[in-house]
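See below for the structure under consideration.
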Amino acid sequence: MTTQWVCCNINSMGQEKNIAEVWNNALQDLQKQVSDSTFSTWILPLEPQYFDENCFVLHTGQAFAVNLLRNNHYPEMLKAVKHATGKNLEVKIIFDEELAKKISKKAKNKPAAPEEADIQSKLNYDSLTQMQSSNLNLKYKFENFVVGSNNKLAYVAAQTVAKNPGTKYNPLYIYGGPGLGKTHLMQAIGHYIIKNRTDLKVLFITAEEFVNDVVNALARGDEKTKKMNKFRKKYREVDILLIDDIQFIAGKARTEEEVFNTFNTLHGAGKQIVVTSDRTPKEIPSLSERLVSRFEWGLMADIQVPDIETRMAILHNLARDTNIEVPNNIIEFLAATYANNIRELEGAFNRVTAYASINEMPLTIENVKKIINYNEKEKSYTFDGIVDEVASYYNISTKEIKGSGRNAKVSEARQVSIYLCRELTKQSFPAIGEFFEKKHTTILYSYDKIKEDIVINKSLAHSIECIINQICK
Ligand code: ADP
Ligand code: MG
């Protein structure tokens, strides 16, 4: 990819303007809006490419600048570009490999300048290059992770692993529902090690990328042995291997075998392995027994849905980083609306702040509802809400559902509640077990039973449909 500046676009006044000049004006605005370190580290190195009627395109050589700027400074960037061009343009920040190469070459030839050295969590150029090769996202650090009772165990375990890699909790297996911070916590371990142990090599990879690597290495051709050796070298010469969303490898026999061999080599050499998944190893269908047992060797820590205070604390942190005044009632409203998934919560927050700031709209509940397309029907499902509806459908009390009575009606209502809690909230089975105060096996049994019965039992299927309709009403 080349990085020439493409000049001369028509601005709203009908005049031709050089993109460098436009960007310079935007920079002057931005410098006033963000901290000095953010400005000099992430914004100043951006290279403007072109702009048209719809968007303004910037290139960066720092992969993590893309998310960092989008998540934390997007409203300021939109505003500055609007000011400089006179238009509401979308700002696109694109990672440019050529630029990245230039940066790391420069870094090898020249030590970091003093003011660059203490920028943003004391990154130095060595760790910057390391970070690029490790695939980590700069936002996913311990410093940005809000600890609540839902993630305390996983957080403490991740810190222990980060401080003593390869010695305790190996592997560390983090599991839980989508958008609850598994990837964040796993990458935080990587960042911590890169910063504090420059002698160690960290590699973060999604299981999906791992599968692709196996497939490529196994592709037919003369290079097969060479490719396989390269593959093995890549994974077996690291000190910390972080594999995200391991459930993805289930049922892929060759990949499972490579994970197994990689695991044995690394573990045997005292290297740290961290794995995340949306469920426990046993719950991954068709995962080989030998991998299940390996994953259970170390520590398994689950992350559950955060309570409302933790969700609000996460939003307060985001608000602080964006320098936008977000009233408390808005934070509370968003935290109450998005109960089960922090990714969605953050997405809504970013949409709201960006939209309100570009359109200079006051942040009222009314406006926020419009921005997030709030629909009372789509509010998040909670375990309590689900059990309430099931209890009312079966005409029994919630206490009976959560109790241990075995009469047929109560048992069915309990199993249906468990089934719906899993289906509607996508929470982990252990989290559901904790809510119902039931053993893991009971929860799994109930879920599977309803899932199977629903196919053959029309009346049960109808009941469940009615309950869902009530819940969504
Ligand atoms: P998962 O891997 O479990 O699907 P992620 O780690 O990708 O979830 O988290 C989704 C988003 O929510 C990320 O932007 C992450 O930074 C944020 N997030 C999750 N948990 C926390 C937390 N405890 N504190 C701050 N941000 C969090
Ligand atoms: Mg993830």
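Numbers for the structure displayed
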| read-out | value |
| --- | --- |
| Residue ID - most open to solvent (accessible area, probe 1.4 Å), chosen from residues in region 162-178 that are modelled with pLDDT of 95 or more and within 16 Å of ligand 1 (Cβ to nearest atom) | Tyr175 |
| Positions within region 414-453 being surrounded by 13 or more Cβ atoms within 10 Å (Cβ to Cβ), free of Cβ contacts under 8 Å to residues at least 24 places away in the same chain and farther than 21 Å from Pro281 by Cα, in sequence order | Asp453 |
| Of all residues making up region 189-212, the number that are in a helix (DSSP H, G or I) and among the polar types (S, T, N, Q) | 2 |
| Residue match in region 181-188 (condition: assigned to a loop (DSSP other than H, G, I, E, B) and either crowded, with 17+ Cβ neighbours inside 10 Å or within 8 Å of ligand 1 (Cβ to nearest atom) (or both)) | yes |
| All positions within region 153-186 that are among the aliphatic types (A, V, I, L, M) and away from ligand 2 (no atom under 16 Å from the Cβ) | Leu153, Val156, Ala157, Val161, Ala162 |
| Residue in region 263-277 that is within 16 Å of ligand 1 (Cβ to nearest atom) and more than 16 Å from Gly166 (Cβ to Cβ) present | yes |
| The one condition in (1) under 21 Å from Leu180 (Cα atoms); (2) assigned to a helix (DSSP H, G or I) that Val274 fails to fulfil | (2) |
| Residue check, Gly298 more than 25 Å from the chain's Cα centre (by Cα) and open to solvent by less than 50 Å² (accessible area, probe 1.4 Å) | no |
| Residue under evaluation Phe142, criteria (1) modelled with pLDDT of 95 or more; (2) more than 16 Å from ligand 2 (Cβ to nearest atom); (3) at positive phi, criterion not met | (3) |
| Identity of the residue in region 228-247, in a helix (DSSP H, G or I) and open to solvent by 80 Å² or more (accessible area, probe 1.4 Å), that ends up nearest to Ile284 (Cα to Cα) | Lys234 |
| Checklist (1) within 16 Å of ligand 2 (Cβ to nearest atom); (2) among the hydroxyl-bearing types (Ser, Thr, Tyr); (3) without any contact (Cβ under 8 Å) to a residue 60 or more places away in the chain applied to Tyr235, failing item | (1) |
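Every residue, every condition in (1) aromatic (Phe, Trp, Tyr); (2) in a loop (DSSP other than H, G, I, E, B); (3) closer than 21 Å to Val147 by Cα, yes or no:
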| site | (1), (2), (3) |
| --- | --- |
| Leu287 | no, yes, no |
| Leu291 | no, no, no |
| Trp297 | yes, yes, no |
| Arg320 | no, no, yes |
| Glu332 | no, no, yes |
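The values are calculated or read from the model by the stated rules, or taken from the named source; none is laboratory data. All of these numbers come straight from a predicted model, not from anything done at the bench. Positions of Cβ are generated from backbone atoms using ideal geometry, with glycine treated the same way; all protein chains shown enter the neighbour counts. In case anyone asks, the SASA skips ligands and DNA or RNA and just uses the protein heavy atoms, side chains included. Shrake-Rupley method; radii C 1.70, N 1.55, O 1.52, S 1.80 Å.
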